[in-house]
Amino acid sequence: MRLKFLGAAKTVTGSNFFLTGENTGLMVDFGMFQGKPEEVGLNNVKPDIDFSKLSAVLLTHAHLDHCGRLPLLAHYGFKGPIFMTEATKALAELVLHDAAKIAKEAEARSILYTDKDVEVILKQVLLIDYDKQFDVGDFRVTFVDAGHILGSASVRVEERATGKSVVFSGDLGNTPEPLLSPTHFVHKANMAVVESTYGDETHGPRKEEADLAKIIKKAETTNGTVLIPSFSIERTQELLYIFDQLKKEGKMDNKTPVFLDSPMAIKATMIFKDFPVLFSNRLKDQIKTDDPFDFPGLVVCDTIEKSKQVKNYNGVKVIIAGSGMMSGGRVIHHAINYLGDPNTQLVIVGYQAEGTLGREILDGKSSINIWGNWINIKAKILEIKTMSAHADQGQIISWLKKIDGLEEIALIHGEELPRLVLSEKIHLDLQGVKIVLPVVNQEINLDIQ
């Protein structure tokens, strides 16, 4: 077997890997590059592989940096199957159509694909259940619940002739978390291709509910604004769930409005409700009698007009808006309106890639230029790291330790410092295991027993 790293190698975004056997080629993920301009430019570059040898695609989950380039496969002549879970298909359809819409509206950017391309590629999707083996040519494949977002999977691929196996972690979840079932372990593999997003950090105890309660109380006292840039999938649903709990527990005034200002997040929340089988036990109990994503004071901004009216609302308010890294979307308008106000609290609740506006603000920039508007940032900048949907260093190590027969680990989906730190930790905790720190377009032989 040979493995080529086509993305998310020495960077976080653009996940894309090509595994070849004697007669079969499998692509794992085909994600969009995001962040720095030089990385975004890679979206226009055709992957350096022989597409005539591509037999099938395996998609770990529906985040844009994992699925965002799938429609380009039609341009490259690929007509084979694309395997994913049912929940991933529902979310990927939403994500890809949204990406096509944004590209069409952003005149300065080249259009990678259209809605028609999305529809073509969705017809090639085959749905897969967790823990059910299926064969693709030389390989036997199993999807295992990764606990990252709804429908996410780690993918184990075994070469049928030799029994040698590789597991692609996808993005591992920050277990335990309130909405989803825990991350499941893979118990046997010779090689692991594992994410390292937070390879140098420990998230600490989960106390986001208490943190948000404190933030809301301050806003209610000062009639301030709480602005939360949020990813449409998973993070927004978690925020809605927390605000529902805070209001039920009397830790947040029922009259305090929460503006959900993200069309994509609104649709993702509806999809989320279609898959209760994937919920955590606590959430499964709650949905029997209550909608955990609805509460007094929730205002759903499903039109542009409603979004524009938010700034006319005087008094305390919470705004949840996309995009999560502040690289576009309605949150940009709110940033213009509120970041210059010292009564605003900007709350970062997810990963901010290098080159994004969210990362610049989090790194301490005192002034920013948005569409020609120079804004002196007077808002208080806060970060809640425990809400990350990614595993931290300890969780990654624990996941790796459960794998019997592990001989080699490739660290991907991480900036250089986190994966270097994680590499050193693995050397200490899993002695004798070979570690690879790949770069884009590096190809390796899987010299595993």
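Rule-based calculations on the coordinates, nothing more; no lab input. In this text the structure is predicted, and so the values were computed from the model without any measurement. Cβ atoms come from the backbone with ideal geometry, glycine included; neighbour counts cover every protein chain shown.
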Exercise. Of Thr221, Thr60, Thr114, which has the largest mean-square fluctuation in a 10 Å C-alpha GNM of the chain?
Worked result: Thr221
Exercise. Between their Cα atoms, which of Lys385/Lys425; Lys378/Lys425; Lys251/Lys288; Lys248/Lys401; Lys267/Lys317 are more than 30 Å away from each other?
Worked result: Lys378/Lys425; Lys248/Lys401
Exercise. Add -39500 (n - 2.57) for each DSSP H run of 4 or more in the chain, then divide by its residues: what number comes out at 222 nm, to the nearest 500 deg cm²/dmol?
Worked result: -8000 deg cm²/dmol
Problem set entry | Exposure rule at most 14 other beta-carbon atoms within 10 Å, DSSP loop GluC sites (Glu not before Pro): the chain longest free segment | 250-449
Exercise. Quick one: length gained pulling Ile102 to Arg2 fully straight, 0.36 nm per residue minus the C-alpha distance?
Worked result: 32.4 nm
For this session: Report the full-extension gain for the segment Leu127 to Glu416: residue separation times 0.36 nm, less the Cα-Cα distance, to one decimal in nm.
Result: 100.6 nm
Problem set entry | Modelled FRET efficiency - R0 22 Å, Ile304 with Thr114, Cβ distances, 0.05 increments | 0.50
Exercise. If one takes the longest principal axis of the Cα atoms in the chain, at what angle in degrees, from 0 to 90 and to the nearest 10, does the Cα axis of helix 208-222 lie?
Worked result: 20
For this session: Set the Förster radius R0 to 22 Å, insert the Cβ-Cβ distance between Thr202 and Asp404 as r into 1/(1 + (r/R0)^6), and round the FRET efficiency to 0.05.
Result: 0.30
Problem set entry | Extension gain (nm, one decimal) between Ile435 and Asn337, 0.36 nm per residue minus Cα-Cα | 30.5 nm
Seminar exercise, completed: Placing one equal point scatterer on each C-alpha of segment 208-387 and summing with Debye, one gets log10 I(q)/I(0) at q = 0.09, 0.13, 0.19 Å⁻¹ equal to -0.29, -0.62, -1.36
Exercise. Looking at Val277, Thr256, Asn223, which one has the Cα that reaches farthest to the positive end of the dipole of segment 208-387 (charges on Cβ: Lys, Arg +1; Asp, Glu -1)?
Worked result: Asn223
Seminar exercise, completed: Tyr76 and Arg140 label points (each 7 Å along its Cα→Cβ direction) are spaced in nm at 2.8
Exercise. Out of Gln245, Gln395, Gln34, any idea which swings most in a Gaussian network model of the chain, alpha carbons joined below 10 Å?
Worked result: Gln245
For this session: Using a 10 angstrom cutoff on alpha carbons, build the Gaussian network for the chain and name the most mobile of Tyr313, Tyr198, Tyr76.
Result: Tyr313
Problem set entry | Debye intensity ratio in log₁₀ form over the Cα atoms of the chain, taken at each q of 0.06, 0.10 Å⁻¹ | -0.25, -0.70
Exercise. Got a sec to turn the phi values of segment 72-81 into Karplus ³J(HN,Hα) couplings, 6.51 cos²θ - 1.76 cosθ + 1.60 with θ = phi - 60°, whole Hz, x for Gly and Pro?
Worked result: 5, 4, 5, 5, 8, x, 7, 10, x, x
Exercise. If you line up the long axis of helix 416-429 against the longest principal axis of the chain, both from Cα atoms, how many degrees apart are they, to the nearest 10?
Worked result: 60
